[in-house]
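Visitor: Got a structure for you, written out below as structure tokens; questions coming shortly.
Values in this text are rule-based calculations from the coordinates and carry no lab data. Every value quoted in this text rests on a predicted model; they were computed, and no experiment measured them. When we count neighbours, we look across all protein chains shown, and the Cβ atoms used for this are built from the backbone with ideal geometry, even at glycine.
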Amino acid sequence: NTDYANMEEYKAGVRTQLEAEAVTNADQALQTQAWSQVFSDSEVKEYPQADMDEASAEYKRLVQKYADQAGMKLEEFVESQGLTTEDFNSQCQYYAQQKVKQNLIVQKIMDAEGIALDDEECLAIQDQILQQSGAGDMAVLIDTYGQAAVDETIGLLRIEDFLVANANVEQTEATGADTVNTDTADTDATGADSTEAQ
């Protein structure tokens with residue numbers, strides 16, 4: 001039931017496939033680790049209030065969808081999750097801070113490195129997202145998720161690629177795991193400070 005002529009070809013084919021998957025998984029792990037380190041080592045000096053308000057409202061809209069699916073009002077749904085109004089408001093604030101911090105860091109690095117959403121690498125990421133989502137057309141993706149969300153996703157993936165390409169990756173002897181060394185980034189609302197990744 002395969003295209004292989006014999007067992008040896010089959011074994012070689014499986015080995016090649018597993019090696020390719022291992023490389024892909026390792027690349028994804030490095031991207032996650034590099035971004036996580038830059039994110040945790042960065043400090044936002046000022047959160048733009050308009051961005052915070054929009055991100056908080058976005059989180060509320062997301063939870064409202066879950067409430068609608070359950071046939072409940074937002075307040076009822078929040079209470080059913082064992083949360084007080086204060087707890088829910090704290091969740092909204094936390095989500096907003098994380099999202100706004102992410103967007104500020106991404107924009108800061110893009111500005112510092114001259115990266116634009118219409119550069120060759122970003123367009124390749126856009127094509128990759130289209131293939132993975134099965135949308136087939138960027139207009140469908142934008143209609144579903146909104147222009148801002150699509151741009152944020154492309155920007156984040158582009159910066160993750162950039163960080164891995166410009167990071168010092170060291171493999172530790174004890175675990176065989178890769179570690180990523182990057183410099184910290186101080187980011188204010190206007191992105192005035194520089195960001196470097198080794």
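Visitor: If you take the charge dipole of the range 16-118 about its Cα centre, with +1 on Lys and Arg Cβ and -1 on Asp and Glu Cβ, which of 112, 92, 64 is farthest toward its positive end?
Guide: Farthest along the dipole direction, towards plus: 64.
Visitor: Taking the convex hull of the alpha carbon atoms in the range 1-149, what volume per residue do you get, in Å³?
Guide: Taking only Cα atoms, the range 1-149 has a hull volume of 221 Å³ per residue.
Visitor: Oh, and also: Is the range 110-170 rounded, prolate or oblate when judged by the Cα gyration tensor, a ≥ b ≥ c being the square roots of its eigenvalues, rounded requiring a/c under 1.5 and prolate requiring a/b larger than b/c?
Guide: Since a/c reaches 1.5 and a/b is larger than b/c, the shape of the range 110-170 is classed as prolate.
Visitor: Sticking with this one: Under the Karplus relation 6.51 cos²θ - 1.76 cosθ + 1.60, θ = phi - 60°, what is the ordered set of whole-Hz ³J(HN,Hα) values for the range 56-64, x standing for Gly and Pro?
Guide: The phi angles translate into 5, 5, 4, 5, 5, 5, 5, 5, 4 Hz.
Visitor: Please work out the FRET efficiency for the pair residue 66 and residue 124, using the Cβ-Cβ distance as r and a Förster radius of 41 Å; give the result to the nearest 0.05.
Guide: So, using R0 = 41 Å, E works out to roughly 0.75.
Visitor: How large is ³J(HN,Hα) for each residue in the range 37-52, as worked out from phi by the Karplus curve 6.51 cos²θ - 1.76 cosθ + 1.60 (θ = phi - 60°), to whole Hz, x for Gly and Pro?
Guide: Working through the residues one at a time gives 5, 4, 4, 6, 8, 8, 10, 8, 7, 8, 9, x, 4, 4, 5, 5 Hz.
Visitor: Next question, about the same structure. Projecting each Cα onto the charge dipole of the range 1-157 (Lys/Arg +1, Asp/Glu -1 at the beta carbon, about the Cα centre), which of 149, 52, 123 comes out farthest on the positive side?
Guide: Projecting each Cα onto the dipole axis, the largest value belongs to 52.
Visitor: OK, next. Can you work out the Karplus-derived ³J(HN,Hα) for every residue in the range 109-118? Use 6.51 cos²θ - 1.76 cosθ + 1.60 with θ = phi - 60°, whole Hz, and x for glycine or proline.
Guide: 5, 4, 5, 5, 9, x, 8, 10, 5, 9
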